[in-house]
1. Only one of (1) assigned to a loop (DSSP other than H, G, I, E, B); (2) at pLDDT 85 or above is not met by Pro77, so which one is it?
2. Going by what's in this entry, would Leu127 be described as modelled with pLDDT of 85 or more, of a type outside the set (Val, Ile, Thr) and not assigned by TED's automatic domain parsing to the domain that holds Gly87?
3. Is there any pair with a first residue in segment 192-205 that is among the aliphatic types (A, V, I, L, M) and a second that is part of a helix (DSSP H, G or I) whose Cβ atoms are under 7 Å apart and which are 6 or more apart or on different chains, and what are they?
4. Of the numbered conditions (1) in a loop (DSSP other than H, G, I, E, B); (2) at pLDDT 95 or above, Phe294 fails exactly one; give the number of that condition.
5. Does any residue in segment 11-34 that is in contact (Cβ under 8 Å) with a residue 40 or more places away in the chain come within less than 7 Å, Cβ to Cβ, of a residue that is surrounded by fewer than 17 Cβ atoms within 10 Å (Cβ to Cβ) and of a type in the set (Phe, Trp, Tyr) six or more places away or on a different chain, and which pairs are these?
6. Quick check, is Asp199 at pLDDT below 85 and under 24 Å from Leu251 (Cβ atoms)?
7. Glu147 versus (1) in a helix (DSSP H, G or I); (2) outside the structural domain of Pro243 (by TED's automatic domain parsing); (3) not β-branched (Val, Ile, Thr): which is the lone unmet condition?
8. Looking at the structure I just gave you, is Pro187 surrounded by fewer than 17 Cβ atoms within 10 Å (Cβ to Cβ) and outside the structural domain of Asn352 (by TED's automatic domain parsing)?
Amino acid sequence: MQPDSLRIGLIEDDPVMGGSIVQRLEIEGCSVSWWQKGGDLIGAAPKVLDGLDLVVCDIRLPDLSGEAIYKEIVAIPNAPPFVFMTGYGEIDQAVRLMRMGAADYFTKPFDFEDFLARIRRNARSPLRRHEDDEPVLGVSPEMRDAEALLDRYARLDLPVLITGESGVGKEVAAKHLHSLGATSAGPFIAVNCAAIPPDLLESEIFGHERGAFSGAIKQHRGYAERAAGGTLFLDEIGDMPLPLQAKILRLIEDRTFHRIGGEKPIALKARIVAATHRNLEKACQEDLFREDLFFRISVLPLPLAPLRERPDDLLWLLNGMIAEASLRQDRVILGVSTAAEEMVLEHAWPGNARELRNRIERAIAVGSTEWLMPQDLFPDTRKRPAPVTEGFVALSDARDSAERRQIERALDRTGGHVSEAAKLLRISRTTLWEKMTKYGLGGRSET
């Protein structure tokens, strides 16, 4: 669909503003449905929603709030994206709506050219991300949702806090966010707050002037200055010393800083993204992290689930890392044996994707065949196959094991709905029931 043929839903009670928006959108070639009360759209949904590419909604309406309308509409299948219009005093509410899944917001009064550009960018069209796009963070629903959230965050110049266990992919997510927005043309500067000694961290972030302290023989530009035009990524910010936290808070609030020993303020020209594996809310309660800084860096939060809760991503990462590592080590690796794959799926992965990568690198380095075996990936395990059949299981057992695993994944994906699972597996509902009975699997009864 071309941008000038978009179908727009408008919820605006002001007849002057509403009429002006409708007139301009129709001049641009859009088809507009206008409601002056939120209840009118809710009463017409869902029959009108499939025909809309985007809904533009005022946050403050006479009968319902924009937030209440969004909560009603977003629960309807195939609901269109929402863009909100807000006054300056309602920005916090607009940000909260984006956390809930809204596409964008803009404040009144607004520039109409910018308004049109954001309408076209957020509307449903071939230009938008689809489910079959190449994934960056993972193929699981959780990571696809995380990518969609990063798409929305990229348009906002607000701090982002990425949380999750060590090795879960926080820096990968931060780099993806960097690549999406206006910062992509600038540098991505990562600072590991846990790896740099506390007495050096301030100088590394803010820089120092010559003679600022013993050993400062020349001027040093810090990470905050070198990140100009790009992203300053404060990794493991939960390990930052309390005195420095106060200066980071001032950096975010004032958007300026001083080199150590310097008098001239320097403007911060980078986006700040932070990450931590720690529970910062708990750290605030224990006076280990400043509460005011926590609120400032977590305006746009992004929690990442551990790998053990994302089996779809586990196999996707496994295959991708094997391809990368085998190319790097100049080895021909066809994949993992069935027994090794079973162990991969059963393992808890406390080190998440970092542990997976390390095990794959080692396995390819020490493995002697074109298939990775259990002992290659898990040399510390006590479970060893018999030498004569090393790396092999009976073909029938391997087939049954793989079939059962696919059925379990399909049932999990569809919430136990047998008919939907059968469609995913491309078999009949009767055949699926027979196989579920064979493997002792249960599903949701359907009538």
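The values are calculated or read from the model by the stated rules, or taken from the named source; none is laboratory data. Keep in mind that this is a model prediction, so the values were computed, not measured. Cβ: placed from backbone, ideal geometry, glycine included. Neighbour counts: every protein chain shown.
1. (2)
2. On the way: modelled with pLDDT of 85 or more: no; of a type outside the set (Val, Ile, Thr): yes; not assigned by TED's automatic domain parsing to the domain that holds Gly87: yes.
Judged against the criteria, Leu127 is not a match.
3. Listed pairs, sorted by first residue: Ala194/Asp239; Ile196/Glu204; Leu201/Leu244; Ile205/Tyr223; Ile205/Ala224.
4. (1)
5. Arg24/Phe112
6. When the stated conditions are applied, Asp199 does not pass them.
7. Of the numbered conditions (1) in a helix (DSSP H, G or I); (2) outside the structural domain of Pro243 (by TED's automatic domain parsing); (3) not β-branched (Val, Ile, Thr), the odd one out for Glu147 is (2).
8. Here the answer is yes, as Pro187 does meet what is asked.
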